[in-house]
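Everything on this sheet refers to the single structure shown next.
The values are calculated or read from the model by the stated rules, or taken from the named source; none is laboratory data. Bear in mind the structure is a predicted one, so any value in this text is a computation, not a measurement. Backbone-built Cβ (ideal geometry, glycine too); neighbour counts: all protein chains shown. Areas reflect the complete protein model, heavy atoms only, side chains present, ligands, DNA and RNA absent. Shrake-Rupley method; radii C 1.70, N 1.55, O 1.52, S 1.80 Å.
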Amino acid sequence: MTSTSDICCIGHITLDKIVTPKMTVHMPGGTSFYFANAISHLPHGGFQLVTAVGDTELGSVEKIRELGIDVKTLPSKKSVYFENIYGENQNNRTQRVLAKADPFTVEGLKDVNAKIYHLGSLLADDFSLDVIKYLSAKGTLSVDVQGYLREVQGEKVVAVDWPEKIEALGYIDILKANEKEMEVLTGCSDPREAALKLAGWGVKEVLLTLGSEGSVIYADGKFFDIPAYPPEQVVDATGCGDTYMTGYLYMRNKGASYYDAGCFAAAMCSIKLAASGPFNGTENDILKMMQKR
């Protein structure tokens with residue numbers, strides 16, 4: 001009998017090649033990478049990471065195991081390989097996908113058991129509708145929608161809508177989207193309208209992150225406005241949404257209210273923004289940030 005984790009994050013660890021006018025850096029990335037690193041700094045009862053990487057990225061997996069994280073690796077011919085090229089203006093980014101990992105399958109997840117499953121989708125075909133249905137029957141299903149709205153054509157990443165969204169959202173308990181993603185999904189630019197539409201399609205907890213405007217949670221027929229906590233400085237926004245979901249699911253698993261979980265997630269995000277790489281603060285740092293407000 002395999003043990004049951006409190007939270008299981010499933011997703012690819014990527015190899016990111018970041019090219020700027022000054023330098024070229026190779027570093028790991030992806031939802032699962034940022035989630036696992038962040039939760040390793042919190043006193044979690046039981047967390048499992050499930051990832052699929054090629055042999056070249058097994059070193060990244062070992063580093064996560066060294067943090068005390070239980071990692072299950074599934075075989076994949078390659079790892080996801082993103083190339084991000086920035087000009088002098090950091091807002092101008094050209095993104096290419098130089099390699100893709102194998103998608104996750106029901107068969108590969110048969111012996112994975114958790115109370116909460118979080119799918120960190122990076123590209124549209126990472127998780128099929130069958131995987132969503134299967135995991136939804138096993139526990140609470142949380143999804144970051146970003147990957148479902150990104151397709152690779154040639155090597156280019158193209159923004160797309162999610163063709164199976166109406167059926168899929170009926171199986172999803174918790175859905176996170178940012179302001180651009182919510183507009184693609186719902187056609188609504190107003191977060192409250194978008195949240196109501198997503199809830200109407202079956203999502204129980206809708207989380208919409210709005211950058212410096214904070215976030216909005218809609219659950220149990222009520223809206224919860226979550227403040228943004230101003231960071232000491234803005235250094236690196238990569239992985240902020242993943243950090244938010246780590247904090248939110250961590251607190252919800254402990255029985256926190258939607259509002260308290262949202263505030264904890266937002267404060268955790270703010271601490272992450274102020275430094276490069278994954279979140280590396282403590283629960284105490286997060287609580288202090290919340291009290292400051």
Check: Which is open to solvent by 20 Å² or more (accessible area, probe 1.4 Å), among the small types (Gly, Ala, Ser) and at negative phi, of Gly68, Gly59, Gly54?
Finding: Gly59
Margin query: Looking at (1) surrounded by 15 or more Cβ atoms within 10 Å (Cβ to Cβ); (2) more than 18 Å from the chain's Cα centre (by Cα); (3) among the aromatic types (Phe, Trp, Tyr), which one does Tyr244 not meet, given that it meets all the others?
Written below: (2)
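Please find, within the stretch 112-132, the residue that is surrounded by the most Cβ atoms within 10 Å (Cβ to Cβ) out of those that are among the small types (Gly, Ala, Ser) and touching a helix residue (DSSP H, G or I) at 6+ places or on another chain (Cβ under 9 Å).
Just the residues of the stretch 112-132 that are among the small types (Gly, Ala, Ser), to begin with: 114, 120-121, 124, 128.
Applying the additional criterion that residues be touching a helix residue (DSSP H, G or I) at 6+ places or on another chain (Cβ under 9 Å) yields 114, 120-121, 124.
Numbers: Ala114: 23, Gly120: 28, Ser121: 22, Ala124: 19.
The extreme case among them is Gly120.
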Margin query: What's the total number of residues in the stretch 245-293 that are of a type in the set (Lys, Arg) and within 17 Å of Lys176 (Cα to Cα)?
Written below: 1
Next item on the list: Name the single residue, out of those in the stretch 223-232 being open to solvent by 50 Å² or more (accessible area, probe 1.4 Å) and in contact with a helix residue (DSSP H, G or I) (Cβ under 8 Å, 6 or more places away or on another chain), that is nearest to Gly247 (Cα to Cα).
Entry: Pro230
Margin query: Being open to solvent by less than 20 Å² (accessible area, probe 1.4 Å), assigned to a strand (DSSP E or B) and either under 26 Å from Lys100 (Cα atoms) or touching a strand residue (DSSP E or B) at 6+ places or on another chain (Cβ under 7 Å) (or both) narrows it down to one residue among Ile18, Ile7; which is it?
Written below: Ile7
Item checked: Identity of the residue in the stretch 98-119, among the small types (Gly, Ala, Ser) and modelled with pLDDT of 95 or more, that ends up nearest to Ile7 (Cα to Cα) -> Ala114
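Criterion first (over 24 Å from Leu185 (Cα atoms) and not polar (S, T, N, Q)) does Lys110 satisfy it?
Values: over 24 Å from Leu185 (Cα atoms): yes; not polar (S, T, N, Q): yes.
Here the answer is yes, as Lys110 does meet what is asked.
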Next item on the list: From the list Gln48, Gln95, pick out the single residue that is outside any loop (DSSP other than H, G, I, E, B), open to solvent by 20 Å² or more (accessible area, probe 1.4 Å) and modelled with pLDDT of 95 or more.
Entry: Gln48
Margin query: Please determine whether any residue of the stretch 225-238 is modelled with pLDDT under 95, closer than 28 Å to Val160 by Cα and part of a helix (DSSP H, G or I).
Written below: no
Next item on the list: Residue by residue through the stretch 247-261, note down the ones that are in contact (Cβ under 8 Å) with a residue 24 or more places away in the chain and either open to solvent by 30 Å² or more (accessible area, probe 1.4 Å) or in contact with a Cys (Cβ under 6 Å, 6 or more places away or on another chain) (or both).
Entry: Arg252, Asn253, Tyr258, Tyr259
Next item on the list: Collect the residues in the stretch 144-192 that are open to solvent by 70 Å² or more (accessible area, probe 1.4 Å), small (Gly, Ala, Ser) and modelled with pLDDT under 95, keeping them in residue-number order.
Entry: Gly154, Ala159
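Picking from Phe279, Phe264, which residue would you name as being open to solvent by less than 50 Å² (accessible area, probe 1.4 Å), among the aromatic types (Phe, Trp, Tyr) and assigned to a loop (DSSP other than H, G, I, E, B)? Talk me through it step by step, then tell me what you get.
Numbers: Phe264 fails: assigned to a loop (DSSP other than H, G, I, E, B).
One residue alone meets the criteria, Phe279.
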Next item on the list: Looking for whichever is touching a helix residue (DSSP H, G or I) at 6+ places or on another chain (Cβ under 8 Å) and of a type outside the set (Gly, Ala, Ser) here; the options are Thr14, Thr24, Thr20. Which one fits?
Entry: Thr14
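If I filter the stretch 73-92 down to residues being open to solvent by 80 Å² or more (accessible area, probe 1.4 Å) and of a type outside the set (Asp, Glu), which single residue comes out as farthest from Ala124 (Cα to Cα)? First the steps, then the outcome.
The first filter runs over the stretch 73-92 and keeps only residues open to solvent by 80 Å² or more (accessible area, probe 1.4 Å), leaving 75, 77-78, 88, 90-92.
Going one step further and asking which of them are of a type outside the set (Asp, Glu), we end up with 75, 77-78, 90-92.
Numbers: Pro75: 19, Lys77: 18, Lys78: 17, Gln90: 26, Asn91: 24, Asn92: 23 Å.
Going through the qualifying residues, I end up with Gln90.
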